[in-house]
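Structure record follows, encoded as structure tokens.
Just so it is clear, none of the values below were taken in a lab; they were calculated from the coordinates. Keep in mind that what you see is a predicted model, and the values were worked out from it rather than measured. A quick note on method: Cβ atoms are made from the backbone with ideal geometry, for glycine too, and the neighbour counts reach across all protein chains shown.
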Amino acid sequence: MERTFIAIKPDGVQRGLVSEIIRRFETKGFTLVGLKFLIASRELAEQHYGVHKERPFFGSLVDFITSGPVVAMVWEGEGVIASARKLIGATNPLTSEPGTIRGDLGVNIGRNLIHGSDAPETAEYEMGLWFKADELVSWTPTAMPWIHE
Ligand code: UDP
Ligand code: MG
């Protein structure tokens with residue numbers, strides 16, 4: 001089973017959209033295996049967004065992501081990495097499709113509500129950065145036979 005790292009950014013938390021965003025992953029049929037609520041340190045944020053460190057928006061992105069609490073999560077399911085990216089929508093909420101989290105709930109690229117790992121390697125890296133192995137819970141929802149053949 002695949003796992004991916006998802007984080008509700010400080011704008012999602014401040015706007016009271018935590019339940020709305022989690023609902024979309026839950027009702028889709030993915031399984032929550034890790035969850036924590038924290039204000040990220042600058043070090044964690046810089047590691048998380050390390051791939052963007054030469055980009056002009058890096059400083060303001062790290063300022064923003066550390067500016068308030070985030071909901072860090074790991075979700076599990078078949079094809080969850082790519083599917084979560086589809087649920088989330090394109091990076092710029094102004095052009096994200098309606099029906100996606102960013103397309104339905106945001107208007108600005110610097111306030112796009114949610115992060116999701118973009119590939120198996122980044123999912124592994126980000127899960128390891130935000131969670132210890134014993135903070136992830138392996139379990140099988142009783143509804144699983146109604147979600148999967
Ligand atoms: N970002 C930004 N300005 C830009 C591009 C990206 O503020 O011009 C921020 C935005 O919050 C985005 C994050 O940097 O979610 C990481 O960018 P990436 O291209 O990896 O987008 P994502 O994977 O989040 O869709
Ligand atoms: Mg990205």
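Listed values, structure above:
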{"quantity": "Extreme residue, nearest to ligand 1 (Cβ to nearest atom), among residues of the stretch 48-62 that are hydrophobic (A, V, I, L, M, F, W, C) and surrounded by 15 or more Cβ atoms within 10 Å (Cβ to Cβ)", "calculated": "Leu61"}
{"quantity": "Residue under evaluation Val51, criteria (1) under 29 Å from Thr31 (Cβ atoms); (2) more than 12 Å from ligand 2 (Cβ to nearest atom); (3) not in a loop (DSSP other than H, G, I, E, B), criterion not met", "calculated": "(2)"}
{"quantity": "Number of the exception - Ala45 against (1) within 24 Å of Arg3 (Cβ to Cβ); (2) away from ligand 1 (no atom under 12 Å from the Cβ); (3) more than 12 Å from the chain's Cα centre (by Cα); (4) crowded, with 16+ Cβ neighbours inside 10 Å", "calculated": "(2)"}
{"quantity": "Filter result (surrounded by 15 or more Cβ atoms within 10 Å (Cβ to Cβ), of a type in the set (S, T, N, Q) and part of a strand (DSSP E or B)) within the stretch 67-124", "calculated": "none"}
{"quantity": "Condition check for Ala7: in contact (Cβ under 8 Å) with a residue 12 or more places away in the chain, within 12 Å of ligand 1 (Cβ to nearest atom) and buried (at least 21 other Cβ atoms within 10 Å of the Cβ)", "calculated": "yes"}
{"quantity": "Of all residues making up the stretch 109-149, the number that are without any contact (Cβ under 8 Å) to a residue 12 or more places away in the chain and basic (Lys, Arg)", "calculated": "1"}
{"quantity": "Qualifying residue in the stretch 125-146 (condition: crowded, with 19+ Cβ neighbours inside 10 Å and of a type in the set (Ser, Thr, Tyr))", "calculated": "no"}
{"quantity": "Filtered residue count, the stretch 63-94, keeping only those that are under 16 Å from the mean Cα position of the chain (by Cα) and either free of Cβ contacts under 8 Å to residues at least 12 places away in the same chain or more than 10 Å from ligand 1 (Cβ to nearest atom) (or both)", "calculated": "19"}
